[in-house]
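To keep things clear, I will list the structure first and then write my remarks on it.
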Amino acid sequence: MDTLDVLIVGAGPTGLALGVDLARRGVDALVVEAGEKLFPGSRGKGIQPRTQEVYDDLGVLDAMRAAGGPYPPQLLWKNGEPLTTKPMFDAVPADEGAPYTEPLMVAQWRTQEVLYARLRELGGRVAFGRGLTGLEQDAEGVTARFTDGTTARARYAVAADGGRSTVRRAVGVGMTGESVDPSPFLVADLRVRGLDREHWHTFTDDDGYGVALCPLAGTDEFQLGARLPEGTEVDLSLAGLRRLVTTYSHLGAADVTEVRWASDFRPRAALADRFRVGRVFLAGDAAHVHSPAGGQGLNTSVQDAYNLGWKLAAVLAGRAPDALLDTYEEERRANAAAMLGLSTSVHHGEVRRGEATVQLGIGYRESSLTEETRANPGPVRAGDRAPDGRNADGVRMFDAFRGPHWTLLAPEPVAGIDGGLPAPESYGPGVFLVRPDGYVGWAGETAEGVREYAARVGVPLDTPRHAV
């Protein structure tokens with residue numbers, strides 16, 4: 001029987017990102033995956049700017065950029081003729097505090113390859129062919145049984161096994177949700193001739209049904225997306241997808257040369273009733289299911305992992321009380337609920353892709369982990385995302401934050417605490433303690449009170465470096 005600190009069920013982007021974060025913290029974690037290999041499709045392909053910041057910290061942003069590319073503009077077709085071109089997203093201006101403002105396109109299978117390679121580089125493990133058949137927990141840990149006859153014992157377990165989560169059902173958590181659109185949808189990865197790769201080609205009828213063919217950055221394939229009339233019987237075979245493409249576009253059947261992967265679905269928005277049950281946590285699609293519109297699902301999922309990783313590590317190391325883990329549900333469930341509403345609004349055309357969807361405004365001001373002690377806070381408050389920028393010494397904040405630590409930003413040395421960095425002027429006056437996931441946990445006029453906060457949440461302030 002494997003004996004572990006953390007068992008992660010599911011090797012999608014959520015499980016792999018959590019595995020990476022725990023591996024760099026020295027946590028003994030195992031990712032188990034029911035399939036014999038990583039997921040083969042492109043389903044979630046949009047990497048929002050906030051997730052790019054997460055990937056920067058996890059050490060994979062350069063590899064993600066190499067694996068993908070920018071989004072092309074949308075080209076609308078009618079009766080076999082190109083009509084008009086428009087950007088897929090409203091532009092969001094970059095500045096020193098937010099260096100990444102444009103979504104990056106990376107096919108989900110490539111995202112998983114990058115995260116898997118990073119996990120292996122850090123000494124992490126994925127066990128394939130291990131579908132979960134049973135899970136029980138007690139006061140000391142979790143016991144899991146798998147389809148290959150093996151068992152594992154872990155202090156904590158994380159469900160990252162998707163919308164039909166076996167773990168979620170095992171711990172008796174329900175999901176509350178609703179249909180976003182009654183129409184059948186499908187997505188597929190195809191090889192296609194006769195279209196340029198500089199546009200996202202869209203072929204729709206006046207009633208809104210049709211297909212879109214998006215060149216998948218970093219590959220030689222197109223992602224087919226289709227919305228079909230209610231009652232349509234979806235055929236995912238090569239012949240069926242050829243009929244679909246020829247019905248709505250000017251392309252011939254022979255122009256669709258290969259199907260690499262295909263899936264159908266009904267857009268739905270659903271939220272798990274709880275994100276924590278004892279020693280079991282729900283993350284990603286196991287906790288929230290989105291319409292794909294607006295590219296919020298995968299990004300919200302990766303940020304679940306980013307929020308949970310440092311908290312698990314702190315509790316496992318004995319630096320923080322178990323109660324710290326309750327803040328995962330407190331912070332992430334409210335965030336997921338907001339992102340579900342946003343995804344649905346984008347699906348219905350009520351919100352444009354752009355500033356609303358880049359996720360740079362996500363914060364935790366109302367969290368019990370957040371302490372803002374200043375009477376008149378400046379532009380950056382406790383609970384806010386800590387912006388990038390350079391301080392008077394020329395130190396870039398994202399360079400200082402990168403790694404599994406907390407970071408103290410103070411204009412002058414703090415007695416009894418080694419290290420510390422001045423904040424950029426853009427932060428405004430004050431002292432800031434930045435969490436490992438890049439949010440300001442505590443802020444004050446002076447450092448008075450920071451030690452008490454640090455003791456409560458398990459921050460090792462005696463670490464002799466600027467990053468504590």
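The values are calculated or read from the model by the stated rules, or taken from the named source; none is laboratory data. Nothing here was measured: the structure is a model prediction, and the numbers come from that model. Don't worry about glycine lacking a Cβ; one is built from the backbone with ideal geometry, like all the others, and counts go over all protein chains shown. With ligands, DNA and RNA removed, areas are computed over all heavy atoms of the protein, side chains included. Shrake-Rupley method; radii C 1.70, N 1.55, O 1.52, S 1.80 Å.
Consider Gly134 against the criteria (1) free of Cβ contacts under 8 Å to residues at least 40 places away in the same chain; (2) open to solvent by 20 Å² or more (accessible area, probe 1.4 Å): it satisfies all of them except one. Which criterion is unmet?
(2)
Give me a count of the residues in the range 40-81 that are hydrophobic (A, V, I, L, M, F, W, C) and under 18 Å from the mean Cα position of the chain (by Cα).
8
Kindly indicate the residue of the range 363-372 that is assigned to a loop (DSSP other than H, G, I, E, B) and out of contact with any Ser or Thr (no Cβ under 9 Å at 6 or more places or on another chain) and also surrounded by the most Cβ atoms within 10 Å (Cβ to Cβ) among those meeting that condition.
Here the residue is Thr370.
If a residue has to be assigned to a strand (DSSP E or B) and within 28 Å of Tyr116 (Cβ to Cβ) to count, how many in the range 64-75 make the cut?
2
Please work out which residue is farthest from Gly12 (Cα to Cα), limiting yourself to the range 151-176 and to residues that are assigned to a loop (DSSP other than H, G, I, E, B) and out of contact with any Asp or Glu (no Cβ under 7 Å at 6 or more places or on another chain).
Gly172
So which residues in the range 124-141 are out of contact with any helix residue (DSSP H, G or I) (no Cβ under 9 Å at 6 or more places or on another chain) and closer than 26 Å to Leu298 by Cβ?
Result: Ala127, Phe128, Gly129, Arg130.
Identify the single condition in (1) modelled with pLDDT under 95; (2) in a loop (DSSP other than H, G, I, E, B) that Val27 does not satisfy, given that it satisfies every other one.
(1)
Kindly establish whether Arg168 is surrounded by 14 or more Cβ atoms within 10 Å (Cβ to Cβ) and basic (Lys, Arg).
Answer is yes for this residue.
How many of the residues making up the range 37-67 are open to solvent by 20 Å² or more (accessible area, probe 1.4 Å) and either touching a strand residue (DSSP E or B) at 6+ places or on another chain (Cβ under 8 Å) or of a type in the set (Lys, Arg) (or both)?
Residues in the range 37-67 being open to solvent by 20 Å² or more (accessible area, probe 1.4 Å) and either touching a strand residue (DSSP E or B) at 6+ places or on another chain (Cβ under 8 Å) or of a type in the set (Lys, Arg) (or both): 5 in total.
For the range 343-380, which residues satisfy the criterion of being modelled with pLDDT of 70 or more and among the acidic types (Asp, Glu)?
Correct list: Glu366, Glu371, Glu372.
Can you work out which of the residues in the range 90-126 that are in contact (Cβ under 8 Å) with a residue 40 or more places away in the chain, surrounded by fewer than 16 Cβ atoms within 10 Å (Cβ to Cβ) and of a type in the set (A, V, I, L, M, F, W, C) is farthest from Asp2 (Cα to Cα)?
Ala91
Need at least 3 residues that are touching a His at 6+ places or on another chain (Cβ under 9 Å) per element, so show me which strands (runs of 3 or more DSSP E) inside the range 177-225 make the cut, counting only ones lying wholly within it.
210-215
Quick check: is even one residue across the range 175-193 among the polar types (S, T, N, Q), over 25 Å from Trp261 (Cβ atoms) and either modelled with pLDDT under 90 or buried (at least 21 other Cβ atoms within 10 Å of the Cβ) (or both)?
Yes.
Output the number of the condition that Ala313 fails; it satisfies all remaining conditions of (1) among the small types (Gly, Ala, Ser); (2) open to solvent by less than 30 Å² (accessible area, probe 1.4 Å); (3) at positive phi.
The number of the failed condition is (3).
If you go through the range 178-231 one residue at a time, how many are under 17 Å from Asn79 (Cβ atoms) and among the β-branched types (Val, Ile, Thr)?
3
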